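Colleague: This is the structure I have questions about; it appears just below.
Every number in this text was worked out from the coordinates using simple rules, so none of it is lab data. What you see is a predicted model, and the numbers here were worked out from it, not measured in a lab. Positions of Cβ are generated from backbone atoms using ideal geometry, with glycine treated the same way; all protein chains shown enter the neighbour counts.
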Amino acid sequence: MINFNIKRLGKILNIVLTIGFVCFIPVFLLSPFMLKNNYSDLYSALFIYPNGCLMLIIIIQFMRLFRSLENDNPFTNKNVSILYHTGIISFIMSFIWIIDLILMIFLVHNTYINYIIVLLFLFILFFGVGIALFILSLLFKRATDYKEENDLTI
């Protein structure tokens, strides 16, 4: 049986997410300048910036989740709400990526197969993450209910 310190893991993950948050902001702000085509401003306004904002919200939500892990209080309704809302955000991101894919195929007539594969991968990834987060929120809800019931019987 592997024995590890949950508080230490929570602190490490919180540091990693904070570094990711800090590194993501310059990429987010510089993305219109990195795109060198005629549609870069429109593309950034419609797809990159909304997904970037949603990704920052997901990072902040996970930082809040790991804070409760550090406090040895993972099974709360607050964490259930965090997982549920993060799942919704993930579904919104997958919807934005599939709209981008449809526009690239049918309106822009983009024939770069690598770009199409990346967009399809991003859609599948965030759709799967959304499903996983909904399942986790239901599991956390059930565990929270059991914990509250157990606390009342003692």
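Colleague: List GLU70, GLU149 from most exposed to least, where exposure is judged by having the fewest other Cβ atoms within 10 Å. Present the calculation step by step, with values, prior to reporting the outcome.
Modeller: Details: GLU70 16, GLU149 9.
Taking fewest neighbouring Cβ atoms as first place, the list is GLU149, GLU70.
Colleague: Oh, and also: Could you work out the relative contact order of segment 6-153? I mean the mean sequence separation of Cα pairs under 8 Å and 6+ apart, divided by the number of residues, in percent.
Modeller: Values: 113 pairs, mean separation 40.3, N = 148.
Worked out over segment 6-153, it gives 27 percent.
Colleague: Let me ask something additional. Sort largest first and round to whole Å: the equivalent ellipsoid semi-axes of segment 6-153, each the square root of five times a Cα gyration tensor eigenvalue.
Modeller: Working: eigenvalues 256, 66, 22 Å².
Each semi-axis is √(5λ); the values are 36, 18, 10 Å.
Colleague: Sticking with this one: Mind listing P(r) for segment 80-128? All alpha-carbon pairs, 10 Å bins, whole percents.
Modeller: 29, 43, 19, 8, 1
Colleague: List, in order, the whole-Hz ³J(HN,Hα) value for each residue of segment 137-143 obtained from phi through the Karplus relation with A = 6.51, B = -1.76, C = 1.60 and θ = phi - 60°; use x for Gly and Pro.
Modeller: With coefficients 6.51, -1.76 and 1.60, one gets 5, 5, 5, 5, 5, 5, 5 Hz.
Colleague: Applying the Karplus parametrisation 6.51 cos²θ - 1.76 cosθ + 1.60 with θ = phi - 60° to the phi angles of segment 47-61, what ³J(HN,Hα) value in whole Hz is obtained for each residue in order, glycine and proline being reported as x?
Modeller: Each residue's phi maps through the Karplus curve to give 10, 5, 5, x, 5, x, 4, 5, 5, 5, 5, 5, 4, 5, 5 Hz.
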